[in-house]
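The structure appears below as structure tokens.
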Amino acid sequence: MTTRAHVAPVSAARLPEVARQPRRWRLPFSPWHLLLAPLALLFAAPLVWLLLSSVMSNAEINRFPPSLWPSGIDFSGYRYVLENALFLRWFTNSLIVSVVTVAANLVFGSLGGYAFARMRFRGSKAMLGLMMATMAVPFQLTMIPTFLVMKKLGLIDSLGALIVPSLVTPFAVFLLRQFFLSLPRELEEAAWIDGCSRLRVLIRIVLPLSRPALSTVAVLTFLSTWNDLTWPLIAINHDTQYTLQLGLTTFQGQHHTNWAAVMAGNVITVLPVLLAFLGAQKTFIQSITSSGLKG
């Protein structure tokens, strides 16, 4: 036997009171966007100006007061850059150095980070502290010793001099260690019971769960290596071994600078970094927020 719930009818006298209640007005987006949108436009302004300047002529770029909008589209800067016989070689050199450095940091950073996160051995905390201390040492202090080591190895004026000093960085080891600490140990313990070694646990279980951290290390390492100018300027002498950043400096002379070519070259240089960051933006933010949960 079913019973019907009795619903009291709303009296006609109460209807105007309900109708008179004010509706709460809500923004169709987060209120934080009111602050973040102007900041985003402010940070994007130099990139927009770079893109607009790359399609200006040298005369228009050097005009005073400067023109913020091109009077016409001029691709002379791009033609000058792409017709340069060594530009493709510089781009290839930068790509080789960046890809090898990223791959090495992912491999060695994962091994080092997992060792510091899961393995307890004598002096592990002291080694971790010393490694972290090296992050506070500026590159200017290690520049000359690094150059002497590369010279002893016979790598000066070759791409090896740009790759070997950056095969593993303390930042990659530390970031991956922090992320590994946030993963539950139960998953690894179940694999150990099944007879998996530590290396197999790292490859088959830990690394697939650490894609956000790996993506972050890859993007940041690629960005720093791709944009590096100081070390290639010291270690490389021959123009065929130039990286892209070092090659772009040849467009600037003591008495004359081809600003249209400089702007066009910088646009081409920025594109790979921008695409890499946009492709890993979601995992980048996820890794930064999760790697600091447990220290």
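The values are calculated or read from the model by the stated rules, or taken from the named source; none is laboratory data. Everything quoted here is computed from the prediction, not taken from an experiment. Cβ sites come from the backbone with ideal geometry, for glycine too, and all protein chains shown count toward neighbours. The area values use the complete protein model at the heavy-atom level, side chains included, leaving out ligands, DNA and RNA. Shrake-Rupley method; radii C 1.70, N 1.55, O 1.52, S 1.80 Å.
List of remarks:
- For segment 137-156, the candidate set comprises residues that are among the β-branched types (V, I, T) and outside any helix (DSSP H, G or I); within that set, the residue that is nearest to W231 (Cα to Cα) is I156.
- Against the numbered list (1) assigned to a loop (DSSP other than H, G, I, E, B); (2) open to solvent by 20 Å² or more (accessible area, probe 1.4 Å), I96 comes up short only at (1).
- Residue match in segment 110-125 (condition: within 19 Å of Y242 (Cα to Cα) and either open to solvent by less than 20 Å² (accessible area, probe 1.4 Å) or in contact (Cβ under 8 Å) with a residue 12 or more places away in the chain (or both)): no
- In segment 193-209, the residue that is nearest to R118 (Cα to Cα) out of those that are out of contact with any Lys or Arg (no Cβ under 8 Å at 6 or more places or on another chain) and modelled with pLDDT under 85 is S197.
- Within segment 221-240, the set of residues being farther than 19 Å from I144 by Cα and either surrounded by fewer than 20 Cβ atoms within 10 Å (Cβ to Cβ) or in contact with a Lys or Arg (Cβ under 8 Å, 6 or more places away or on another chain) (or both) comprises L223, S224, N227, H238, D239, T240.
- Taken as a whole, the structure leaves D194 outside the set of residues that are at positive phi and open to solvent by 40 Å² or more (accessible area, probe 1.4 Å).
- Residues of segment 157-175 satisfying the condition of being outside any helix (DSSP H, G or I) and open to solvent by 40 Å² or more (accessible area, probe 1.4 Å): D157, L167, V168, T169
- Hey, P212 more than 23 Å from G113 (Cβ to Cβ) and either in contact (Cβ under 8 Å) with a residue 12 or more places away in the chain or outside any loop (DSSP other than H, G, I, E, B) (or both) or not: no
- Of the residues screened, V262 is one that is touching a strand residue (DSSP E or B) at 6+ places or on another chain (Cβ under 8 Å) and open to solvent by 10 Å² or more (accessible area, probe 1.4 Å).
- Condition met for A104 (out of contact with any strand residue (DSSP E or B) (no Cβ under 7 Å at 6 or more places or on another chain) and either surrounded by 14 or more Cβ atoms within 10 Å (Cβ to Cβ) or of a type in the set (V, I, T) (or both)): yes
- The set of residues in segment 168-209 that are touching a residue at least 40 places away in the same chain (Cβ under 8 Å) and β-branched (V, I, T) comprises V168, T169, V173, V206.
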